[in-house]
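K.L.:
Shown below is the structure under consideration.
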Amino acid sequence: MWQPSLRLPDPAIRILDPAFKACVNNLSVVERVATGFEWTEGPVWLGEANLLLFSDIRGNRIMKWDEATGETSVFRAPSNFSNGNTVDRQGRLLTCECATRRITRTEADGHITVLADGFDGKPFNSPNDIVCTTDGAIWFTDPAFGPNFSEGDLSPVQIARVYRIDPRTRKTEAVLDDVPGPNGLCFSPDEKILYLIASRHTPHRQIWAYDVAMNGTVSNRRVFLDCAEGAADGLRADINGNLWCGWGSGEGLDGVAIFSPQAKKIGHIDLPERCPNVCFGGVHRNQLFMACHTSIYRLTLATQGVPQIS
C-alpha cells in the first residue's frame, strides 16, 4: 500500500539539524524502485552498466535493477546466500557468500574467482559486509551469527573477526577479534577512520571508530555512537564524512539515520520497513539506494557518496 509523497519537500525526509539541509534535494521524494523480496542486503552500484545489484538473502539470489528500463531481474541464482557486496577499484563485483563461507570476485567475463575462504586452517563463519579501499585492500566482517536457515544454516567455527585481504600479498589478515557481532563497516572519505557496527554489544548496538594506519593496522578504538533503541546495520559515508546508516526497528525508527562526523544526528529518512543497508549510486553518485526488508527505495540527494572506482 506504500505510495510516494505528492508533497514537496517530502515529509519522510526529516531535517534534524541545519547541517542536513545541504544534503537534501527538496525536489526529490523517496521512490520505491523494486519490491517483492524476502530480505534485501548488500546494495552496490555498477557504474559502467548503470545497474544496482543487491542480495535477496532468503531468496538465495542476487538481483539487478536497471536504471534505464526500471526493470528488476535475477543477476545470479543461486547466490550461495550472498550478503554484502561492493566493487573493487576496477569496478568488479566483490561478494560475501554465506553458504560457501567465502569472498568472491566476479570477473569481467562473468567467471567467479575465490579471493578468500578461511583463516588459520578453518573456514569463515558467514562473511557479512565488505568494502574496498583505494589501495586495493579488501576489508570484510565475519560475525558468528549462525546457524540460520535463511543464510545457509552453518554453525560458526571461528571467533567473530574483521579481516583484511592485503592488496600486494593477497593474504587474509585478522584485523580485529574483540568486536561483539561485527556487522556493517565503512571508511571516512580520507580512509583514516574505520567505522564498524558492533551489533551484539549490550545493552545497545554501537558504532565504533578506529584510526587506520597506512599498513592497514587499526588503533584508538572509541565509541562513535550508542544506537540506544535504534538498530544500525550497514552504513556508508558521503564526501563530507556524514554517515548514512540503515536503521530500525519499529515505527519512527525504520529508515536511514544520518550522522555528522561529530556523531550528531542531523537527519532521518522515514521508511515503512526496516532498512539493513544503503549505497550511493547514479551517474553523479547522488542517489541513495536503501535496501529494506521487502523493497528497494531510492532518494536523489544534494550530496554525493565517496567514489568507489579509481
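K.L.:
Looking at VAL131, VAL179, VAL162, which one is in a loop (DSSP other than H, G, I, E, B) and under 22 Å from LEU225 (Cα atoms)?
P.N.:
The unique qualifying residue is VAL179.
K.L.:
Among what's in segment 115-137 and is of a type in the set (Gly, Ala, Ser) and either surrounded by 22 or more Cβ atoms within 10 Å (Cβ to Cβ) or within 20 Å of the chain's Cα centre (by Cα) (or both), pick the residue that is nearest to TYR195 (Cα to Cα). If you could, list the steps in order and put the result at the bottom.
P.N.:
Taking segment 115-137 as the starting set, the residues that turn out to be of a type in the set (Gly, Ala, Ser) are 116, 118, 121, 126, 136-137.
Narrowing further to those that are either surrounded by 22 or more Cβ atoms within 10 Å (Cβ to Cβ) or within 20 Å of the chain's Cα centre (by Cα) (or both): 116, 126, 136-137.
Numbers: ALA116: 22, SER126: 20, GLY136: 18, ALA137: 16 Å.
Looking at residues that are of a type in the set (Gly, Ala, Ser) and either surrounded by 22 or more Cβ atoms within 10 Å (Cβ to Cβ) or within 20 Å of the chain's Cα centre (by Cα) (or both), I get ALA137.
K.L.:
Search segment 1-19 for residues that are free of Cβ contacts under 8 Å to residues at least 40 places away in the same chain and pair each with any residue that is in a strand (DSSP E or B) and open to solvent by 80 Å² or more (accessible area, probe 1.4 Å) when their beta-carbon atoms are under 9 Å apart and the residues are at least 6 apart or on different chains.
P.N.:
GLN3/ARG32; PRO4/ARG32
K.L.:
Search segment 221-243 for residues that are open to solvent by 70 Å² or more (accessible area, probe 1.4 Å) and pair each with any residue that is part of a loop (DSSP other than H, G, I, E, B) and of a type in the set (Gly, Ala, Ser) when their beta-carbon atoms are under 9 Å apart and the residues are at least 6 apart or on different chains.
P.N.:
Every condition considered, the pairs that remain are VAL223/ALA263; GLU229/SER249; GLU229/GLY250; ASN240/SER260.
K.L.:
Here's something else I'd like to know. Among the residues of segment 283-310 satisfying the criterion of being part of a loop (DSSP other than H, G, I, E, B) and among the β-branched types (Val, Ile, Thr), which is least open to solvent (accessible area, probe 1.4 Å)? Please lay out each step first, then the result.
P.N.:
So in segment 283-310, the residues part of a loop (DSSP other than H, G, I, E, B) come out as 283-286, 292-294, 302-304, 306-310.
Subset that is among the β-branched types (Val, Ile, Thr): 283, 294, 303, 306, 309.
Numbers: VAL283: 110, THR294: 46, THR303: 6, VAL306: 47, ILE309: 75 Å².
By that ranking, first place goes to THR303.
K.L.:
For PHE140, all conditions in the list (1) more than 25 Å from LYS192 (Cα to Cα); (2) assigned to a strand (DSSP E or B) hold save one; what is the number of the exception?
P.N.:
Condition (1) is where PHE140 drops out.
K.L.:
If a residue has to be assigned to a strand (DSSP E or B) and either open to solvent by 60 Å² or more (accessible area, probe 1.4 Å) or within 14 Å of ASP66 (Cα to Cα) (or both) to count, how many in segment 32-47 make the cut?
P.N.:
To start, the set of residues in segment 32-47 that are assigned to a strand (DSSP E or B) comprises 32-35, 40-46.
Still in the running and either open to solvent by 60 Å² or more (accessible area, probe 1.4 Å) or within 14 Å of ASP66 (Cα to Cα) (or both): 32-35, 43-46.
The number of residues fulfilling the criteria is 8.
K.L.:
Within segment 193-214, how many residues turn out to be outside any strand (DSSP E or B) and either modelled with pLDDT of 95 or more or crowded, with 21+ Cβ neighbours inside 10 Å (or both)?
P.N.:
8
K.L.:
Looking at segment 260-270, which of its residues are touching a Lys or Arg at 6+ places or on another chain (Cβ under 8 Å), over 10 Å from ASP17 (Cβ atoms) and either in a loop (DSSP other than H, G, I, E, B) or open to solvent by less than 30 Å² (accessible area, probe 1.4 Å) (or both)?
P.N.:
If the condition is that a residue be touching a Lys or Arg at 6+ places or on another chain (Cβ under 8 Å), over 10 Å from ASP17 (Cβ atoms) and either in a loop (DSSP other than H, G, I, E, B) or open to solvent by less than 30 Å² (accessible area, probe 1.4 Å) (or both), then HIS268, ILE269 are the ones that fit.
K.L.:
In addition: Could you list all residues from segment 94-114 that are open to solvent by 10 Å² or more (accessible area, probe 1.4 Å) and in a strand (DSSP E or B)?
P.N.:
Applying the first criterion (open to solvent by 10 Å² or more (accessible area, probe 1.4 Å)) to segment 94-114 yields 99-102, 105-114.
The answer is ARG102, ARG105, THR106, ILE112, THR113, VAL114.
K.L.:
For segment 174-192, which residues satisfy the criterion of being free of Cβ contacts under 8 Å to residues at least 40 places away in the same chain, under 14 Å from GLY216 (Cα atoms) and in contact with a Lys or Arg (Cβ under 8 Å, 6 or more places away or on another chain)?
P.N.:
None; the set is empty.
K.L.:
Let me ask something else. Looking only at segment 174-190, which residues are crowded, with 16+ Cβ neighbours inside 10 Å and farther than 20 Å from GLY246 by Cβ?
P.N.:
VAL175, LEU176
Yes/no per residue for (1) open to solvent by less than 50 Å² (accessible area, probe 1.4 Å); (2) modelled with pLDDT of 95 or more:
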residue	(1), (2)
LEU27	no, yes
ASN50	no, no
ARG58	no, no
GLY70	yes, yes
SER79	yes, yes
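The values are calculated or read from the model by the stated rules, or taken from the named source; none is laboratory data. Because the structure is predicted, anything quoted here is derived from the model rather than measured. All Cβ positions, glycine included, derive from the backbone under ideal geometry; neighbour counts span all protein chains shown. Accessible surface is based on the protein model in full, side chains and every heavy atom, while ligands, DNA and RNA are left aside. Shrake-Rupley method; radii C 1.70, N 1.55, O 1.52, S 1.80 Å.
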